[in-house]
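Step one of this worksheet: look at the structure below.
The values are calculated or read from the model by the stated rules, or taken from the named source; none is laboratory data. These numbers come from a predicted model, not from an experiment. Here the Cβ is made from the backbone with ideal geometry for all residues, glycine too, and neighbour counts use every protein chain on show. The area values use the complete protein model at the heavy-atom level, side chains included, leaving out ligands, DNA and RNA. Shrake-Rupley method; radii C 1.70, N 1.55, O 1.52, S 1.80 Å.
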Amino acid sequence: MHKRKISAGVVHDVPADLGAALLADSDALSLWENITPLARNEWICWVEDARKNRTRLKRIERVQTELKAGKRRPCCWSGCPHRSKTRWP
C-alpha cells in the first residue's frame, strides 16, 4: 500500500491523527496542500496544543471544516510558540 505524503509545517510534522483525517477528506487535503508551510504549522501546533483528547478531536474536525470555509489559519490563537526567526527561513 502506498502512503501519501502530507506536507508539514515549518517546525511541526503532521501528527498521525490529523494526517488520517486529511487523507479521509480529499477536499480538506487539497486545501491543506495549497496553504503555506507557515499556515500548516499554525494548524498543526493548534491541534497539538489541546490539553484534552476531546478538544484535540474537535480541533481536527475544525481544521477540515474551516479550511473548506476558506480559513487559512486558526482563528483567535496567538500562534506557534515553537517558531522563532532563527529556526525557519
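Quick look at the values:
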{"read-out": "Of every Cα-Cα pair in the chain, the percent that sits beyond 21 Å", "value": "24 percent"}
{"read-out": "For the stretch 18-89, accessible area per residue (1.4 Å probe, heavy atoms of protein chains only), Å²", "value": "62 Å²"}
{"read-out": "Where labels lie 7 Å past Cα in the beta-carbon direction, separation of K68 and S7 in nm", "value": "2.1 nm"}
{"read-out": "For the chain, built as a Gaussian network whose Cα springs stay under 10 Å, the top-fluctuating residue of G19, G70, G79", "value": "G70"}
{"read-out": "For the stretch 1-68, with +1 on Lys and Arg beta carbons and -1 on Asp and Glu, the positive-most of W32, T55, L22 along the dipole", "value": "T55"}
{"read-out": "Solvent-accessible area, 1.4 Å probe, carbon plus sulfur percent, for the chain", "value": "51 percent"}
{"read-out": "Under Karplus coefficients 6.51, -1.76 and 1.60, residue-wise ³J(HN,Hα) of the stretch 7-15 in Hz, glycine/proline x", "value": "4, 9, x, 6, 10, 9, 8, 6, x"}
{"read-out": "Two-site label geometry, L57 and A24: point separation in nm, points 7 Å out along Cα→Cβ", "value": "1.0 nm"}
{"read-out": "Residue among R56, R73, R40 with the largest mean-square fluctuation in a Gaussian network model of the chain, springs linking Cα atoms under 10 Å", "value": "R56"}
{"read-out": "The chain, helix-only ellipticity at 222 nm - DSSP H runs n ≥ 4, -39,500 (n - 2.57), divided by all residues, nearest 500", "value": "-15000 deg cm²/dmol"}
